[in-house]
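Taking it in order: structure first as structure tokens, then the write-up.
Just so it is clear, none of the values below were taken in a lab; they were calculated from the coordinates. As the structure is a computational prediction, the values presented were derived from the model and not from experiment. Positions of Cβ are backbone-derived with ideal geometry, glycine not excepted, and every protein chain shown enters the neighbour counts.
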Amino acid sequence: MARTQGSHSDITGPRIREAALALFARHGYAAVSMRQIAAEVGVQAGALYNYTPDKQSLLFRLMYEHMQDLITAYADQDQTEDAAEALRQFVGFHIRFHLQRPDEVFIAYMELRNLSSDNFAQIEALRRTYENALEAILRRGQAAGAFDIADTKIATFAVIAMLNGVMTWYRAGGRLSLDEVEQAYWDMVHRSVTA
């Protein structure tokens with residue numbers, strides 16, 4: 001099948017991923033067809049297979065790139081040995097990074113069930129890498145006596161779940177500024193890990 005007039009691989013590939021991201025977030029992975037993605041991009045359905053083997057590979061790539069971006073961006077932050085300050089930085093980073101990527105966050109959590117077992121295992125490994133960074137902070141604070149935590153793994157899951165909640169309700173221009181939201185969440189997280 002001939003390439004659509006004006007189509008270029010360095011442009012079309014990213015446009016396919018952007019279209020898939022928006023459609024998966026809006027309608028859910030299972031409800032979106034490759035034809036819909038192609039129509040959104042303005043190419044024939046068969047042309048998609050020049051850029052991705054199938055819809056599952058497209059979903060996996062979106063999730064994989066999101067998790068890689070998250071891990072890389074967090075690693076690029078200035079790190080501190082002080083556990084309380086490191087936790088405060090984690091809270092702010094998590095909220096701000098995720099609020100800029102609502103579709104990616106929605107897909108990363110809601111579409112895990114649609115991954116093949118091999119793809120799921122790879123995404124879970126990346127999630128564990130990020131979770132382990134938070135748990136390391138909590139363990140450091142626990143060892144220093146700064147945090148009173150019975151189980152750092154449960155506390156890790158609880159903190160991330162709390163922070164992810166911001167994505168469901170926060171809107172720019174609302175009653176609270178992003179700085180105020182970040183401070184409120186930091187206060188709640190800090191109280192939850194200290195005696």
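Q68 versus L178, label points 7 Å from Cα toward the beta carbon: distance in nm?
About 2.5 nm, to one decimal.
Just to be sure I understand the rule: take each whole DSSP H helix in the chain, project its Cα atoms onto its long axis, keep it if the span is 20 Å or more and its mean Kyte-Doolittle hydropathy is at least -1.0. Which ones pass? Could the numbers behind the result be given before it?
On the way: long enough: 9-27 (26 Å, -0.03); 55-75 (30 Å, 0.01); 83-99 (24 Å, 0.43); 117-143 (36 Å, -0.63); 178-193 (23 Å, -0.51).
Qualifying helices, which must be both long enough and hydrophobic enough, are 9-27, 55-75, 83-99, 117-143, 178-193.
To the nearest 0.05, how large is the calculated FRET efficiency for R171 and D118 if R₀ is 35 Å and r is the Cβ-Cβ distance?
It comes to 0.40.
Could you give the dipole magnitude of the stretch 133-195 about its Cα centre, charging the beta-carbon of Lys and Arg +1 and that of Asp and Glu -1, in debye to the nearest 20?
Details: 6 positive and 7 negative charges, 22 e Å.
That gives a dipole near 100 debye.
Using only alpha-carbon positions, what ratio does the radius of gyration of the stretch 127-167 give when scaled by 2.2 N^0.38 Å? Working shown, then result.
On the way: Rg = 10.4 Å, N = 41, 2.2 N^0.38 = 9.0 Å.
Ratio of Rg to 2.2 N^0.38 Å for the stretch 127-167: 1.15.
So for the stretch 115-195, Kirkwood radius off the Cα pairs, Stokes-Einstein at 10 °C and 1.306 mPa s: how many µm² s⁻¹? If you can, show how the numbers build up before the last one.
Working: Rh = 14.4 Å.
Once the numbers are plugged in, D ends up at 110 µm²/s.
So what is the relative contact order of the chain, in percent, for Cα pairs below 8 Å that sit 6 or more residues apart?
On the way: 144 pairs, mean separation 44.0, N = 195.
It comes to 23 percent, rounded to a whole number.
Counting each pair of different Cα atoms once, what's the Kirkwood radius of the stretch 96-140 in Å, rounded to one decimal? Don't skip to the answer; put the middle values down first.
Numbers: mean 1/r = 0.0842 Å⁻¹.
In the stretch 96-140 this quantity evaluates to 11.9 Å.
Across all directions of projection, what mean area in square nanometres is found for the Cα convex hull of the stretch 1-126?
8.9
Could you give the dipole magnitude of the chain about its Cα centre, charging the beta-carbon of Lys and Arg +1 and that of Asp and Glu -1, in debye to the nearest 20?
Values: 19 positive and 24 negative charges, 147 e Å.
Taking the Cα centre of the chain as origin, the dipole is about 700 debye.
Take the alpha-carbon positions of the stretch 66-163, form their convex hull, and give its projected area averaged over all directions (one quarter of the hull surface) in nm². If you can, show how the numbers build up before the last one.
Numbers: hull surface 25.6 nm².
The directionally averaged projection comes out at 6.4 nm².
For the chain, what does -39500 (n - 2.57) per DSSP helix run (n ≥ 4), summed and divided by total residues, give at 222 nm, in deg cm²/dmol to the nearest 500?
Working: 9 runs with 134 residues, N = 195.
Counting only the DSSP helices, I get -22500 deg cm²/dmol.
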